[in-house]
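First comes the structure, then the notes that go with it.
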Amino acid sequence: MSCPAVTAYATAPFRPRPIVSIGAGGIVHDAHLPAYRKAGFTVAGIYDLDRDKAGALARQFGIPRVYASLAEAAAEAPAEAVFDIAVPAAALAEIVAALPEGRAVLLQKPLGESREEAERLVALCHQKHLRAAVNFQLRHAPNMLAARALLAGGALGDLHAMEARVNVYMPWHLWSFLLPHPRVEILYHSIHYLDLFRSFLGEPRSVYAKTTRHPAAAEMSPTRSAIILDYGDDVFAVITASHGNRSGRAQQESFIRWEGTRGMMVAQMGVNLNYPAGEPDTLAYCTLDNGAPSWRTVALAGNWFPDAFIGSMASVMRWADDSSQPAPTAVEDACRTMALVEAAYASSAAGGRHV
């Protein structure tokens with residue numbers, strides 16, 4: 001099946017809906033539930049295979065109901081609830097199949113473990129008439145929203161370059177399900193940047209990539225990647241991510257950079273630095289209209305973690321009330337990001353041109 005793009009951007013929900021959380025892992029504890037509490041969203045219930053873990057989160061965040069099973073959660077969730085599914089990608093299909101028809105759903109990224117799985121999940125969501133989106137929440141991070149507003153206002157002129165660079169130490173042991181996984185870095189991390197680049201630059205013509213192991217994590221699949229997105233000869237778009245840098249904060253990096261004909265801006269993604277404690281996100285920009293560049297710092301209201309998770313959930317709530325305003329990361333659009341992931345792995349496997 002085809003993977004059409006969805007370009008509409010939602011804002012705040014018309015009215016908050018209750019949330020039912022499926023999954024009680026680290027990302028739910030660190031980001032989902034703190035975001036919803038900050039936004040004033042009500043979490044009506046939670047389910048996890050580990051009921052003790054779900055119970056602990058329920059007590060910590062004041063969630064009134066811990067469901068005994070997935071079937072119970074599906075059957076007894078409030079009628080207008082959004083199902084917030086935060087589980088490993090391999091479990092998505094089974095959970096989506098168990099949901100009642102016609103409901104609103106936010107799926108944790110990635111949308112399956114391959115493009116083929118993504119297309120099957122899209123078809124399943126259509127079959128069940130779900131309004132389903134994927135939690136590519138980086139699009140909603142405060143510094144990314146501010147960057148988008150600056151570009152839309154013409155502050156940088158015409159965008160001709162975009163770069164993501166991450167060189168940090170990532171504690172992969174926090175996600176035990178990833179240790180034996182055949183795909184790690186691009187599928188579970190750089191996928192955020194692939195999705196973000198699509199949202200700013202549109203669909204690339206092709207992808208060049210190489211992903212490699214790190215000696216300190218030799219038991220894992222590759223945790224270092226270099227990806228070039230081909231937008232023609234006049235646009236530079238590159239992503240580099242390496243997660244084994246133990247040299248200390250001074251020599252670690254985590255940023256997105258945009259270059260335009262009139263200026264430049266740089267956004268720090270603080271969560272990658274000393275994860276999961278992180279550092280504050282930042283955004284700075286300069287213009288070139290008046291001779292020497294002068295840098296300005298943009299005041300931000302929050303960080304990627306947890307604040308961006310408010311935006312991704314709010315977009316689904318808004319879509320649930322108005323079908324003309326689909327979430328920006330609806331499953332059809334997320335399928336296009338999965339196509340880039342698949343192309344990057346194919347490029348890495350094929351290798352470069354011999355010299």
inquiry  = So Gly154 ticks every box in (1) in the same structural domain as Leu283 (by TED's automatic domain parsing); (2) in a helix (DSSP H, G or I) but one. Which box is left unticked?
reply    = (2)
note = For Met144, the lone unmet condition from (1) touching a strand residue (DSSP E or B) at 6+ places or on another chain (Cβ under 8 Å); (2) farther than 30 Å from Glu80 by Cβ; (3) in a helix (DSSP H, G or I); (4) aliphatic (A, V, I, L, M) is (2)
ask   = Which one of the conditions (1) of a type in the set (Gly, Ala, Ser); (2) more than 14 Å from the chain's Cα centre (by Cα); (3) closer than 21 Å to Met144 by Cβ does Ser347 fail to meet, given that it meets all the rest?
value = (3)
message = Quick test of your reading of the structure: Arg318 fulfils all but one of (1) more than 24 Å from Ala250 (Cα to Cα); (2) surrounded by fewer than 23 Cβ atoms within 10 Å (Cβ to Cβ); (3) touching a strand residue (DSSP E or B) at 6+ places or on another chain (Cβ under 9 Å). Name the failing condition by number.
response = (3)
request  = Give the residues of region 218-261 that are in contact with a strand residue (DSSP E or B) (Cβ under 6 Å, 6 or more places away or on another chain), basic (Lys, Arg) and within 24 Å of Met144 (Cα to Cα), sorted by residue number.
outcome  = Arg224, Arg257
message = Filter region 75-102 down to the residues that are small (Gly, Ala, Ser) and within 20 Å of Leu33 (Cβ to Cβ) and list them by number.
response = Ala77, Ala81, Ala86, Ala91
request  = Could you check region 190-278 for strands (runs of 3 or more DSSP E) lying wholly inside it with 2 or more residues that are at pLDDT 95 or above, within 22 Å of the chain's Cα centre (by Cα) and surrounded by fewer than 19 Cβ atoms within 10 Å (Cβ to Cβ)?
outcome  = 206-212, 224-230, 236-242, 253-260
task = Determine if region 342-355 includes at least one residue that is farther than 30 Å from Arg115 by Cβ and not assigned by TED's automatic domain parsing to the domain that holds Ala123.
result = yes
note = Those residues of region 279-303 that are surrounded by fewer than 16 Cβ atoms within 10 Å (Cβ to Cβ) and polar (S, T, N, Q) come to a total of 3
inquiry  = Suppose we keep only residues that are touching a residue at least 60 places away in the same chain (Cβ under 8 Å) and assigned to a loop (DSSP other than H, G, I, E, B) within region 286-315. Which one would you say is farthest from Ser254 (Cα to Cα)?
reply    = Ala301
message = Looking at the structure I just gave you, is Leu194 closer than 27 Å to Val87 by Cα and in contact (Cβ under 8 Å) with a residue 60 or more places away in the chain?
response = yes
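The values are calculated or read from the model by the stated rules, or taken from the named source; none is laboratory data. Only a predicted model underlies this, so the values are computations on that prediction, with no experimental measurement involved. All Cβ positions, even for glycine, are placed from backbone atoms using ideal geometry, and neighbour counts span all protein chains on display.
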